[in-house]
Structures are given as structure tokens and as C-alpha cells.
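Scroll down for the structure; my scribbles are underneath it.
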Amino acid sequence: MSDGRTDTVTLRLASLGDAEQIRQIYNYEVSNTTATFDLVPRSLREQQQWISDRSGAFAAIVAVDPTDELGEVVGFGSLSPYKERAAYRTSVEDSVYVRRDRGGQGIGKLLLTELLRVGAVSGFHAVFARISGSSAASIGLHRSCGFELVGIEREVGRKFNKWLDVALMQALL
């Protein structure tokens, strides 16, 4: 991992001890937004398993507040396999979540930049982002990191009694 330190956060690999804080950030998005198409909040055990399943190039990283003695998690990100078939092995999908009270501070960009660096070092060729079509902030974040819009999947999700589009964005490494 590169020196992921700024005045606002430090980046490091996620550990099982981060599961509850990651779960709180993620479950807020599950219950209140269309940032994820998950409909059921994760249990602590499920979040721990999610962390355990991530290692090597698919490791999860967290952004922690260096001024907090306990190292409070204020955001997280990961790379995941894009598709299961073998020909897709050089492509990955990113996920980035920032705690709502820390939005607009550059934490998402720091996390995404680190994920792109990890992806390049790990030999991946393409990184995809599947973003709710109404999430201008996430689309803007990805554009600022070199992603281009490559398609719109129309009405592929349903949440909060609304049909949702997905913007598909891609960056080549």
C-alpha cells in the first residue's frame, strides 16, 4: 500500500476489528440510499465474512481518522471480481463508501486512487464502477479519477418502490 496519509485520513488494510464500523457505514447506505442495491442490512457476522473473503488484490482498505486514538473508520473501499468467467479475470469492480458526515473531504478520492494503484500493481487491466444513475457525486468522483461512462443499464434495480438505472463507468489501467 502506498503512503495513504493525508491531513484528514490514513489508509490501511481492513481488519476484522473494523467490521462493526464498516457495517455501520454500509448499512446506512442499505437502509437510506440507492448507493447499494442491497435491501437487507448486513449482520456483524456477514460483515466479518466479507472482510475475511478479501485478501491480496481483492483486499478491502479503510480510511481512518488519525486524530482519533481508536482509529475511527470514516470510509472503506474494495476491488471485487467483475464477472465469474475466466476471460474477465483481468477486470475488477470497485466499491467506495464514505461515512455521511465525512463526505466532501476528499476521502472517497483517496480511497479510489489507492484502489486504482492496487489494481494496476496486481496486474488488472480494467476497473468498472456500477453506480446508481442518480448518484451524481459518485459519478463525479469516478470521472475525477479517470473513469469514463460506457453505458447505462435501464431500470435494472428496484429499491424504495422506484426503478433504478445503473451507470457503468470504466477506467483502463
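List of remarks:
- Candidates Ser144, Ser138, filtered to the one that is closer than 19 Å to Leu111 by Cα, at pLDDT 95 or above, of a type outside the set (Val, Ile, Thr) and touching a Gly at 6+ places or on another chain (Cβ under 9 Å): Ser138
- Pairing each residue of region 84-102 that is of a type in the set (Asp, Glu) with any residue that is in a loop (DSSP other than H, G, I, E, B) and buried (at least 16 other Cβ atoms within 10 Å of the Cβ), provided the two are 6+ apart or on different chains, yields C-beta distances under 8 Å for Glu93/Tyr82.
- Residue list for region 19-33, restricted to those being within 20 Å of Ala167 (Cα to Cα) and over 14 Å from the mean Cα position of the chain (by Cα): Asn32, Thr33
- Just so you know, in region 25-45 the residues that are touching a residue at least 12 places away in the same chain (Cβ under 8 Å) and part of a helix (DSSP H, G or I) include one that is farthest from Arg102 (Cα to Cα), and it is Leu44.
- Qualifying residue in region 72-85 (condition: at pLDDT 95 or above and part of a helix (DSSP H, G or I)): no
- Top-ranked residue in region 88-99 [being among the polar types (S, T, N, Q) and surrounded by 16 or more Cβ atoms within 10 Å (Cβ to Cβ); ranked as nearest to Ile25 (Cα to Cα)]: Ser95
- Subset of region 133-161 that is surrounded by fewer than 19 Cβ atoms within 10 Å (Cβ to Cβ) and touching a residue at least 60 places away in the same chain (Cβ under 8 Å) - its residue that is nearest to Arg100 (Cα to Cα): Ser135
- Hey, Arg12 part of a strand (DSSP E or B) and of a type in the set (Lys, Arg) or not: yes
- Odd one out for Asn27 among (1) crowded, with 17+ Cβ neighbours inside 10 Å; (2) within 21 Å of Phe128 (Cβ to Cβ); (3) not β-branched (Val, Ile, Thr): (2)
- Only residues that are touching a helix residue (DSSP H, G or I) at 6+ places or on another chain (Cβ under 6 Å), farther than 21 Å from Gln24 by Cα and assigned to a helix (DSSP H, G or I) were counted in region 100-143, giving 1.
- From Leu70, Leu141, Leu79, residue being closer than 16 Å to Leu173 by Cβ and not acidic (Asp, Glu): Leu79
- Any hit, region 47-64, residues being part of a loop (DSSP other than H, G, I, E, B) and within 14 Å of Tyr26 (Cβ to Cβ): yes
- Screening Asp7 with (1) modelled with pLDDT under 95; (2) assigned to a helix (DSSP H, G or I) gives one miss only, at (2).
- Leu164 touching a strand residue (DSSP E or B) at 6+ places or on another chain (Cβ under 9 Å) and not in a strand (DSSP E or B): no
- Glu20 being surrounded by 14 or more Cβ atoms within 10 Å (Cβ to Cβ) and part of a helix (DSSP H, G or I): no
The values are calculated or read from the model by the stated rules, or taken from the named source; none is laboratory data. Only a predicted model underlies this, so the values are computations on that prediction, with no experimental measurement involved. In this analysis, Cβ positions are derived from the backbone assuming ideal geometry, glycine residues included, and neighbour counts consider all displayed protein chains.
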